[in-house]
Amino acid sequence: MSGTRPGALLDAAAEELRTVLGGAWAVEVLQRSASAGTVHDAVVRLSPRSSPDSHADLILDLFDAVGPKHILKHTVRFAAALRAAGGGGTLVIVAPWLSPRTRELLEVEGISYLDLTGNIRLSVPVPAVHVRWQGADKAPEHLRSAEHTVTLAGPRAGRIVRALVDFPPPLRPSAIATLADVSLPWVSKVLSKLDSQMLVERVGREVVRVDWQGLLRERAGTYDLLRHNPAVGFVAPDGPGGVLERVRRVHGQGLIAITGPWAARRISPLSSGGQLMLYVECGPHTPDEWATRLGMVRVDEGADVLVLRAHDQVVFRETRDVEGVPHVALPQLVLDSLAGPGRMPADGEAVLAWMAENEAVWRRGTPTD
């Protein structure tokens, strides 16, 4: 067990269970601290008041501040031993706060959890108890440490994510810094954060494994396509198809790239609908300059083409030539789609599934530094 006040954490967790389960259940703390030879921190018994002879024991592991790597190091082996022994209780991880990544990995392992912000997943077969509540996705202010100040938000982190996803490991920090055009100290801080979240694995300083799907989802959670890339709406007399034809003609005469539903459709034909989205360089008049070249008229409503001012040059990196039209790289397409409006997140998941099945097709060779 980690922490200095396990008793207070246990009492708060028991009270939260009483609140969630209501008066139909009795919640009793049977054991408050680990006894010699045990590997858990507490036992809480749940009993339905309508059938007091029936009960379920929750075996609690208490932590004060943890990430996925720390938790799984301590609990996965115990959970496997618990299952192998034929049950005897339901393992529940308890902490003041559990990050979305931590909760995701615990669910993969089939481990229940509870935090004091209201994130709860509790699954007990007999007597049947199944609870899922959503709490805070961000750490409360009083729990934030230096690690929490390093996030995947912002252009620098976005470029590091693209470097880690675009190129297969092994990757040295210096190579990542060069690819992302950020300082080596910042790369080290971000890698430490990602390592604690089990999104990368390192041997020494070198990155040897990347959970690129999890990394893209984590980055997308900090990103909003239309907020971070201010968009202007246009219509074209001959529709988006005509715009694409004119983009093909001016290909190479300036930075422009297709993203969003029209790009996703080329990877996942099941994607349908949505506006044509074009990235252009950021500038106060850039969208209108491109509109003139592409034969479009600016509108406030009813746009079938959105021109996005790119938040960072990384969106133009490793663009793909699709029948003479530049499309963003697949990792960028996934980020944009997952962080976009309407049906776009579903498009992003479809592209992500294709990438998982065709990794050798889109991932580049290992860079050198």
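Descriptive notes on the structure:
- With each label modelled as a point 7 angstrom along the Cα→C-beta vector, the Ser183-His130 pair spans 5.1 nm.
- Per-selection Rg to Rh, segment 216-369 - Cα, Kirkwood hydrodynamic radius: 0.95
- Under a 5 Å amide H cut-off, with hydrogens placed 1.01 Å from N, Trp25 pairs with Arg49 among residues at least 5 apart or on other chains.
- When DSSP beta bridges are restricted to pairs lying wholly in the chain, around 70% turn out antiparallel.
- Only one residue of Leu184, Ala231, Leu194 has its Cα farthest out toward the positive end of the dipole of segment 86-245, where Lys and Arg carry +1 and Asp and Glu -1 on Cβ, and that residue is Leu184.
- Note on Asp224/Glu301: beta-carbon distance plugged into 1/(1 + (r/R0)^6) with R0 of 22 Å gives a FRET efficiency of 0.55.
- Amide H contacts of Ala42 (H built 1.01 Å from N, in plane; Pro and chain starts excluded): Leu60 sit under 5 Å, all sequence-distant by 5 or more or on other chains.
- Percent accessible area from carbon and sulfur atoms, the chain, protein chains only, probe 1.4 Å: 52
- Charge dipole of the chain about the Cα centre (unit charges at C-beta), most positive-ward option of Pro345, Val247, Val203: Val203
- The chain shape via C-alpha gyration tensor axes, a/c threshold 1.5: prolate
- 3J(HN,Hα) couplings calculated from phi for segment 196-210 with the Karplus curve 6.51 cos²θ - 1.76 cosθ + 1.60 (θ = phi - 60°) are, in sequence order, 5, 8, 6, 8, 9, 10, 10, 10, x, 9, 7, 7, 10, 8, 10 Hz; Gly and Pro show x.
- Unit charges at the beta carbon, dipole of the chain: most positive-side option, Trp133, Tyr113, Pro173: Pro173
The values are calculated or read from the model by the stated rules, or taken from the named source; none is laboratory data. Everything quoted here is computed from the prediction, not taken from an experiment. Note: ideal-geometry Cβ built from the backbone for every residue, glycine included; neighbour counts use all protein chains shown. These accessible areas exclude ligands, DNA and RNA; they are computed on the full protein's heavy atoms, side chains included. Shrake-Rupley method; radii C 1.70, N 1.55, O 1.52, S 1.80 Å.
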